[in-house]
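J.: If you scroll down you'll find the structure; I have some questions about it.
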Amino acid sequence: MTHRAFLNLRRGIASGAMAAALATGSQAMAQTAREAELEARLNQLEAAVSALRSELTQARAEQQTSTQVAQKADSRVAALEAKPASEGFKVGATTFKLGGFVKVVGSATRYDDGTVPGGSLGKEFYLPQQIPVGGQSSRDIIGHARQTRLAFSTSTPLGGKEIKSVVEFDFALAAAPLGAQRATNPYTPTFRRGFISYGNWLVGQEWTTFQNPAHFPETTDFVGPMDGAIFVRQMILQYRQPLSADWSLYLAAENPQTETITTTSAALGDNDSDRMPDLVAKLAYKGKAGEMHVAGLYRKLAVHANGMGDNANGWGVSAAGKVPFGPQGRHDIRFSATYGQGMGRYFTVGFAPDAVYDPAVADRLYVVDNFAGFAAIKLGWTDNVRSTVMAAYQKAWYPDGIALPGLANVASYSVAGNLFWSPVKQLDLGIEYRHAERKVASGLTGQMDRLEMAAKYTF
């Protein structure tokens, strides 16, 4: 090999090596760029996945928050529905509340022995003294909404206690104006209760301490077992002393009013010449066993006019209660029994008088003895269907040796049964049948049969 050939071979090998090196470097450079591109794309993908994961976590959190908000809203709605219908509103420190009900009543009545005069209260609720006697049978159908009731109350913190007030009225006891049913039935509102209470004290017009209206049975009627019920609202000054968690002692001085008849007239006479209040003491229990009380009443009857008059003592004792039983306390027994002398006006809106007084015969009060009582049993068939069966009786014993008007009330009784259904909360629909009888001093009797329906919405 010549030197030139060797040089050419060397140059060829060097050129090939350089070309190979250049090719290898170019391939390495190309591979590094691809890896960088892949790494960049991978980083972008990881960032997208991370962002998606964050969005998913946020969506789950928002969904959980939305569910919690919905659950809280449902809980608040349920709590509001469970609260009393009227929670009131505040003006300063005083809470004002409005409550009551709308009650609609329709009844069909048969009187065996006479006719009840138009506009009489006995047409619209059960009053035994208005059952007619000594006549021909009659029938009557009537409907009204005059038992509808409104009540306002206030409560204000004062000296670590609360001073409260109540004002309540309805339309039930107002005399129906002439022609009321002809067009608009414009019944006048009548005052029921209005009192102030602070601590253990209560003053104002309220149910007499001698009774407890919570013991009245459920009825389509205004009261129901009126024959045997104490029924008085009047001005009272009452003090309540708790004796334990379940027992309380009540002491009260209440407005007096002596009611009399004469030897010739059975119409009650109002004698506004009383000289001391009626005094009441009551021992009451309210606990797991139910509600019960024993009460005592002392009165000083007085009639004084035109330089004539007389005084006499009156008194009464009463026991009443409500005892639940059965599953969830759905059933209960309610009862009342009262006996006394010179206390007729406390029963049945004045079925019998406190005394007989006729200055034309003798300037003396002849005190009348009275007994009245009722019993009722309520059966709760379901949570919203229930029945009550009730019976009531009243008797008056007049003094011997004096003449009595023929229409003076001597005795009455009634029996009734009903069925109530509450399709929704605070709405009550009821139907009731009642049979009753009245007896007067002449020996005449009168009977009444009534079918009544009622709808009441309490708010």
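J.: Within region 340-348, can one find any residue that is among the β-branched types (V, I, T), surrounded by 20 or more Cβ atoms within 10 Å (Cβ to Cβ) and either on the phi > 0 side of the Ramachandran plot or touching a His at 6+ places or on another chain (Cβ under 7 Å) (or both)?
T.: Taking region 340-348 and keeping what is among the β-branched types (V, I, T), we get 348.
Still in the running and surrounded by 20 or more Cβ atoms within 10 Å (Cβ to Cβ): 348.
Checking which are either on the phi > 0 side of the Ramachandran plot or touching a His at 6+ places or on another chain (Cβ under 7 Å) (or both) leaves us with 348.
Scanning region 340-348 turns up at least one residue that is among the β-branched types (V, I, T), surrounded by 20 or more Cβ atoms within 10 Å (Cβ to Cβ) and either on the phi > 0 side of the Ramachandran plot or touching a His at 6+ places or on another chain (Cβ under 7 Å) (or both).
J.: If you scan region 292-302, which residues turn out to be touching an Asp or Glu at 6+ places or on another chain (Cβ under 6 Å) and either of a type in the set (A, V, I, L, M) or part of a loop (DSSP other than H, G, I, E, B) (or both)?
T.: Going residue by residue through region 292-302, those that are touching an Asp or Glu at 6+ places or on another chain (Cβ under 6 Å) are 299, 301-302.
L301, A302, listed by residue number.
J.: Right, here's the next one. Is it the case that some residue within region 313-326 is surrounded by fewer than 18 Cβ atoms within 10 Å (Cβ to Cβ), small (G, A, S), more than 30 Å from V440 (Cα to Cα) and free of Cβ contacts under 8 Å to residues at least 12 places away in the same chain? So that I can check it myself, show each step before the final result.
T.: Taking region 313-326 as the starting set, the residues that turn out to be surrounded by fewer than 18 Cβ atoms within 10 Å (Cβ to Cβ) are 313, 315, 317, 319, 323-326.
Okay, now just the ones that are also small (G, A, S), so 319, 326.
Narrowing further to those that are more than 30 Å from V440 (Cα to Cα): 326.
Those left that are additionally free of Cβ contacts under 8 Å to residues at least 12 places away in the same chain: none.
For region 313-326, residues surrounded by fewer than 18 Cβ atoms within 10 Å (Cβ to Cβ), small (G, A, S), more than 30 Å from V440 (Cα to Cα) and free of Cβ contacts under 8 Å to residues at least 12 places away in the same chain: absent.
J.: Among the listed residues R438, R450, which satisfies the condition of being in contact (Cβ under 8 Å) with a residue 40 or more places away in the chain, basic (K, R), assigned by TED's automatic domain parsing to the domain that holds D113 and in contact with a His (Cβ under 9 Å, 6 or more places away or on another chain)? Give the derivation first.
T.: Values: R438 fails: in contact with a His (Cβ under 9 Å, 6 or more places away or on another chain).
Exactly one of R438, R450 is in contact (Cβ under 8 Å) with a residue 40 or more places away in the chain, basic (K, R), assigned by TED's automatic domain parsing to the domain that holds D113 and in contact with a His (Cβ under 9 Å, 6 or more places away or on another chain), namely R450.
J.: For F351, which of the numbered conditions (1) exposed (fewer than 14 other Cβ atoms within 10 Å of the Cβ); (2) part of a loop (DSSP other than H, G, I, E, B) fails to hold?
T.: Here F351 meets the rest and fails (1).
J.: A further question on this structure: Search region 233-249 for residues being closer than 30 Å to V349 by Cβ and not hydroxyl-bearing (S, T, Y), and hand back the single one that is nearest to the chain's Cα centre (by Cα). Don't jump to the end; show me each part of the working.
T.: Step one: list which residues in region 233-249 are closer than 30 Å to V349 by Cβ, which gives 233-240, 248-249.
Checking the rest, the ones that are also not hydroxyl-bearing (S, T, Y) come to 233-238, 240, 249.
Numbers: R233: 18, Q234: 21, M235: 22, I236: 22, L237: 24, Q238: 23, R240: 22, L249: 24 Å.
Per the stated criteria, the residue is R233.
J.: Further, regarding this structure: From the residues in region 398-443 that are over 30 Å from T148 (Cβ atoms) and among the acidic types (D, E), which one is nearest to the chain's Cα centre (by Cα)?
T.: Residue satisfying both the conditions and the ranking: E437.
J.: What are the residues in region 414-427 that are part of a loop (DSSP other than H, G, I, E, B), of a type in the set (S, T, N, Q) and on the phi < 0 side of the Ramachandran plot, if any?
T.: Looking only at region 414-427, we keep the residues that are part of a loop (DSSP other than H, G, I, E, B), and these are 422-426.
Restricting the remaining residues to those that are of a type in the set (S, T, N, Q) gives 422, 426.
Scanning region 414-427 gives a single hit, S422.
J.: A follow-up question, please. Which ones in region 117-154 are touching a residue at least 60 places away in the same chain (Cβ under 8 Å), under 23 Å from D170 (Cβ atoms) and surrounded by fewer than 16 Cβ atoms within 10 Å (Cβ to Cβ)?
T.: Of everything in region 117-154, just one residue is touching a residue at least 60 places away in the same chain (Cβ under 8 Å), under 23 Å from D170 (Cβ atoms) and surrounded by fewer than 16 Cβ atoms within 10 Å (Cβ to Cβ), namely G119.
J.: Which residue pairs have Cβ atoms under 6 Å apart, sit 6 or more places apart or on different chains, and have a first residue in region 273-291 that is in the same structural domain as D332 (by TED's automatic domain parsing) and part of a loop (DSSP other than H, G, I, E, B) and a second that is among the hydrophobic types (A, V, I, L, M, F, W, C) and crowded, with 18+ Cβ neighbours inside 10 Å?
T.: S273/A302; D274/A302; R275/A302
J.: On to the next question. On the basis of being without any contact (Cβ under 8 Å) to a residue 40 or more places away in the chain and surrounded by 23 or more Cβ atoms within 10 Å (Cβ to Cβ), does V356 make the cut?
T.: Here the answer is no, as V356 does not meet what is asked.
J.: So which of G401, G350, G446 ends up being out of contact with any Asp or Glu (no Cβ under 9 Å at 6 or more places or on another chain) and closer than 29 Å to T263 by Cβ?
T.: Values: G350 fails: out of contact with any Asp or Glu (no Cβ under 9 Å at 6 or more places or on another chain); G446 fails: out of contact with any Asp or Glu (no Cβ under 9 Å at 6 or more places or on another chain).
One residue alone meets the criteria, G401.
Let's see how each residue does on (1) modelled with pLDDT of 95 or more; (2) assigned to a strand (DSSP E or B); (3) farther than 14 Å from Y126 by Cβ:
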{"residue": "L379", "(1), (2), (3)": "yes, yes, yes"}
{"residue": "R386", "(1), (2), (3)": "yes, yes, yes"}
{"residue": "S412", "(1), (2), (3)": "yes, yes, no"}
{"residue": "E432", "(1), (2), (3)": "yes, yes, no"}
{"residue": "E437", "(1), (2), (3)": "yes, yes, no"}
{"residue": "S442", "(1), (2), (3)": "yes, no, yes"}
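J.: Next question. For region 388-405, does any single residue satisfy the condition of being touching a Lys or Arg at 6+ places or on another chain (Cβ under 7 Å) and either in a strand (DSSP E or B) or among the hydrophobic types (A, V, I, L, M, F, W, C) (or both)?
T.: Yes - at least one qualifying residue is present in region 388-405.
The values are calculated or read from the model by the stated rules, or taken from the named source; none is laboratory data. On a predicted model such as this, the values are computed, not experimentally measured, just so you know. No Cβ is skipped: glycine too gets one built from the backbone with ideal geometry, and neighbour counts run over all protein chains shown.
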